[in-house]
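Novice: Here it is, the structure in full.
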Protein chains: 2
Amino acid sequence: MGLVAVDWGTSSLRGARLDDAGRVLEEKSAPQGILAVPAGQFPAVFDSVFGDWMRPADSFCLISGMAGSQQGWAEAPYETCPADLPQLVRRLHWIEKDRIAIVPGLTDDHGGVPDVMRGEEVQIFGAVKLTGIASGLFVLPGTHNKWATVENGRVTGFRTCMTGEFYAVLSQHSILGRTMQADAPLDEEAFLRGVAAADNGEGLLHNAFGARTLALFKRLSAPALASYLSGVLIGEELRAQPLKGAEQIVLIGAPALTTRYALALQTFGVGTRTLGAEATWAGAHALRTACLQARS
Amino acid sequence: MGLVAVDWGTSSLRGARLDDAGRVLEEKSAPQGILAVPAGQFPAVFDSVFGDWMRPADSFCLISGMAGSQQGWAEAPYETCPADLPQLVRRLHWIEKDRIAIVPGLTDDHGGVPDVMRGEEVQIFGAVKLTGIASGLFVLPGTHNKWATVENGRVTGFRTCMTGEFYAVLSQHSILGRTMQADAPLDEEAFLRGVAAADNGEGLLHNAFGARTLALFKRLSAPALASYLSGVLIGEELRAQPLKGAEQIVLIGAPALTTRYALALQTFGVGTRTLGAEATWAGAHALRTACLQARS
């Protein structure tokens, strides 16, 4: 009967058609992230993009990501950590009973301050299946990075770091952007110099200013400064993580980002295993399997 | 003969006319920061704003701030720390010999990464005169905050923190701004909650996200969230400073900012003494006095 797996995020919409064994038969994407969908138009956009895949009577679709937020198609709940696959299955938000469901997000609490993810939970469960690593640190770099701890296949807790968004607003809207080529390819030396600078104990608010003064004194070029700032931010992020004793971390995301994290983690003596979109599809397949088990 | 003291910054132009004893006779300001002055138009803008004060043949003017930068009237040098008043006098950049000069900025080096200030050095020397505190920590909150160490009247070193600019870009351009009333008046409780959160060891990139989730879960109102984010940023800044053993810090700046720093520093057990624009005028007067001493 197969599965239509959909990852509907803030700025993009992606889907894959899988067979019963979880193999990807076909993928597609559309520039219709939830911010580009007018209120009430989610069913129409879904039909226009995935209508052909949903034609068979027994077709089944799982949607993860920001489509389950207040601003999305329908608000799905947040499941509280620790959380495993069967819990997500019990909390599916059905758009059409036994046919189209939105996967709940996860929430965690840090001393009265909540944390949230939507979509990454499916990628994490997929990565557990694909790597066979049931306990460890799973990191999903993006606009709002997630650092999740997994124990025996359950997500026991996680933290968000706004590293991607900080890079975007600083390079586009702060004084740092004026002397920086924000979209320059990675300059490894400048990047690692930034990672090292982040560890000087002076804090991000000071260290970011180095990307201004190194430009003023012409010590780094505009393309290199972009890598330097990226290194300062990622180095700052890593400093706060529980890396002690971690030998290998599972990185899930786009290669442009995972490459940087792998490089920076090397300087902390931590190895990495990297996955991309396949983690999303594997996670949806695992959820689908758990759905069938729950019903039988 | 008196003195015309001018503080010409990125976004504002302020001046004061002082008598020989350093008393302020008159102040004025204009919305003509250096970003609003077309190339080549600095003399004309200066004449239009301060021409009447400069009419007497023996009038004397000292200009500090970004007017001395590459994008300003004329590039004044940076004096290297440690630096005192006589050093600044020797490095004055004369626009008109013995009549109009731009005060040099200061630079410091942190492991190969330079740091810079322009304008704050005059405020610091003025604060030393006004308070009689010749050794201590002098803090100038603003877009790019300066933390300067003064020993026996010399600035021995300093660091910049981009706290003000981080607040501006995060509240105006990041997702945090969507649920926040960035210009709300200070909510002390929310502010101090942010200051405390900054000390949890998780880092700014994570803690800033609390201003998103506390909104999502409706635990803080839009006005309170602005104070919370401000507290997270200022708390992060204070964490990295050499506050151990500091009993009193001299704060120089606008009351809207110095109030927040005084509040946050209280939680670290550090007292404050606060100065405003008078520090600039007192610093210019001290420089003028050092000029006369150097000539005689």
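The values are calculated or read from the model by the stated rules, or taken from the named source; none is laboratory data. None of the values given here were measured: they were computed from a predicted structure. Ideal geometry is used to build each Cβ from the backbone, glycine not excepted, and the neighbour counts take in all protein chains shown.
Novice: Which of (1) buried (at least 20 other Cβ atoms within 10 Å of the Cβ); (2) touching a residue at least 40 places away in the same chain (Cβ under 8 Å) is the odd one out, the single condition residue B:90 does not satisfy?
Specialist: (1)
Novice: Hey, does the stretch B:182-189 have a residue that's among the aliphatic types (A, V, I, L, M) and crowded, with 18+ Cβ neighbours inside 10 Å?
Specialist: Within the stretch B:182-189, not a single residue is among the aliphatic types (A, V, I, L, M) and crowded, with 18+ Cβ neighbours inside 10 Å.
Novice: A follow-up question, please. Could you list, in sequence order, all residues of the stretch B:83-136 that are over 17 Å from residue B:293 (Cβ atoms), away from chain A (no Cβ under 14 Å) and of a type in the set (Lys, Arg)?
Specialist: Once the filter is applied, which keeps residues that are over 17 Å from residue B:293 (Cβ atoms), away from chain A (no Cβ under 14 Å) and of a type in the set (Lys, Arg), the stretch B:83-136 yields B:97, B:99.
Novice: Among the residues of the stretch A:240-253, what is the count of those that are at negative phi and either assigned to a strand (DSSP E or B) or at pLDDT 95 or above (or both)?
Specialist: Going through the stretch A:240-253 one residue at a time, the tally reaches 5.
Novice: Taking the conditions exactly as written (closer than 18 Å to residue B:149 by Cα, surrounded by fewer than 17 Cβ atoms within 10 Å (Cβ to Cβ) and of a type in the set (A, V, I, L, M, F, W, C)), does residue B:246 satisfy them or not?
Specialist: Spelling it out, residue B:246 is indeed closer than 18 Å to residue B:149 by Cα, surrounded by fewer than 17 Cβ atoms within 10 Å (Cβ to Cβ) and of a type in the set (A, V, I, L, M, F, W, C).
Novice: While we're here: Identify all residues within the stretch B:63-87 that are surrounded by 20 or more Cβ atoms within 10 Å (Cβ to Cβ) and within 20 Å of residue B:153 (Cα to Cα); write none if there are none.
Specialist: Answer for the stretch B:63-87, where residues must be surrounded by 20 or more Cβ atoms within 10 Å (Cβ to Cβ) and within 20 Å of residue B:153 (Cα to Cα): B:64, B:78, B:81, B:83, B:85.
Novice: In addition: Take the residues of the stretch B:194-206 that are surrounded by fewer than 24 Cβ atoms within 10 Å (Cβ to Cβ) and at the interface with chain A (Cβ under 9 Å from one of its Cβ atoms): which is nearest to residue B:269 (Cα to Cα)?
Specialist: Checked the stretch B:194-206; the qualifying residue nearest to residue B:269 (Cα to Cα) is B:200.
Novice: Just a yes or no: is a residue in the stretch B:36-49 assigned to a loop (DSSP other than H, G, I, E, B) and within 18 Å of the chain's Cα centre (by Cα)? Walk me through how you get there before you give the answer.
Specialist: So in the stretch B:36-49, the residues assigned to a loop (DSSP other than H, G, I, E, B) come out as B:37-41.
Right, trim to within 18 Å of the chain's Cα centre (by Cα) and you get none.
No, every residue in the stretch B:36-49 fails to be assigned to a loop (DSSP other than H, G, I, E, B) and within 18 Å of the chain's Cα centre (by Cα).
Novice: Let me confirm something: among A:272, A:289, A:258, A:280, which residue is surrounded by 24 or more Cβ atoms within 10 Å (Cβ to Cβ), within 24 Å of residue A:121 (Cβ to Cβ) and among the hydroxyl-bearing types (Ser, Thr, Tyr)?
Specialist: Just a single option satisfies the conditions, and that option is A:280.
Novice: Take the stretch A:102-124 and flag every residue that is polar (S, T, N, Q) and under 10 Å from residue A:159 (Cα atoms).
Specialist: Passing the criteria: only A:107.
Novice: If we keep just the residues of the stretch A:14-25 that are assigned to a strand (DSSP E or B) and either touching a residue at least 24 places away in the same chain (Cβ under 8 Å) or surrounded by 14 or more Cβ atoms within 10 Å (Cβ to Cβ) (or both), which is nearest to the chain's Cα centre (by Cα)?
Specialist: Step by step, filter the stretch A:14-25, then rank; the result is A:14.
Novice: Here's a follow-up. In the list A:211, A:224, A:190, A:184, which residue meets the criterion of being more than 10 Å from chain B (Cβ to nearest Cβ) and touching a Phe, Trp or Tyr at 6+ places or on another chain (Cβ under 7 Å)?
Specialist: A:190
Novice: What number of residues in the stretch A:50-89 are among the polar types (S, T, N, Q) and in a loop (DSSP other than H, G, I, E, B)?
Specialist: Summing the residues that are among the polar types (S, T, N, Q) and in a loop (DSSP other than H, G, I, E, B) in the stretch A:50-89 gives 4.
Novice: Picking from A:74, A:67, which residue would you name as being under 25 Å from residue B:174 (Cβ atoms), away from every other protein chain (no Cβ under 14 Å) and out of contact with any Lys or Arg (no Cβ under 8 Å at 6 or more places or on another chain)?
Specialist: Going through A:74, A:67 in turn, the sole match is A:67.
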